[in-house]
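None of the figures in this text is laboratory data; all of them are computed from the coordinates on show. Computed from a predicted structure; not experimentally measured. No Cβ is skipped: glycine too gets one built from the backbone with ideal geometry, and neighbour counts run over all protein chains shown.
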Amino acid sequence: MVRLLERDGLVERRADPSDGRASLVFLTERARNFRPVAAATLANLDRLVVTTLTARGQDEVRDALRRLADL
């Protein structure tokens, strides 16, 4: 995944100064330019969730997403 993001100019790798075997991954300026679009998209999704799902449904979706993130 990082290789693809690097290829597309969205991240750059730098050597980890504390571990010569590792690399650190940083967002590029190009990737940071997507922040307003991502923020607006997430805000829109939040509005849709609030107007579509009950409070219980929102909790269930949130819990499911947390479990997926932990995989």
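Give the order of E60, E12 when sorted by the count of other beta carbons within 10 angstrom, beginning with the fewest. Walk me through the numbers before you get to the answer.
Values: E60 12, E12 16.
With the fewest neighbours first, E60, E12 line up as E60, E12.
When the Karplus curve 6.51 cos²θ - 1.76 cosθ + 1.60 is applied with θ = phi - 60°, which whole-Hz ³J(HN,Hα) does each residue of segment 25-36 get, with x for Gly and Pro?
In residue order, the calculated couplings are 10, 10, 5, 8, 4, 4, 5, 5, 5, 7, 3, x Hz.
Work out the length of the dipole vector of the chain about its Cα centre, built from +1 on the beta-carbon of each Lys and Arg and -1 on the beta-carbon of each Asp and Glu, and round it to the nearest 20 debye. Don't skip to the end; give the middle numbers.
On the way: 13 positive and 11 negative charges, 26 e Å.
Using only the charged Cβ atoms, the result is roughly 120 debye.
Using Cα pairs closer than 8 Å and at least 6 residues apart in sequence, work out the relative contact order for the chain, in percent.
18 percent
Using a Gaussian network for the chain with springs between C-alpha atoms less than 10 Å apart, which of these wobbles most: V11, V49, V61?
Looking only at V11, V49, V61, the largest GNM fluctuation is found for V61.
Before rounding to the nearest 500, sum -39500 (n - 2.57) across all DSSP H runs of length at least 4 in the chain and divide by the residue total; then give [θ] at 222 nm in deg cm²/dmol. Please list the in-between numbers first.
Values: 4 runs with 43 residues, N = 71.
Helix-only estimate at 222 nm: -18000 deg cm²/dmol.
What Kirkwood Rh does segment 2-69 have if only Cα atoms enter the pairwise 1/r average? Answer in Å.
Details: mean 1/r = 0.0668 Å⁻¹.
It works out to 15.0 Å.
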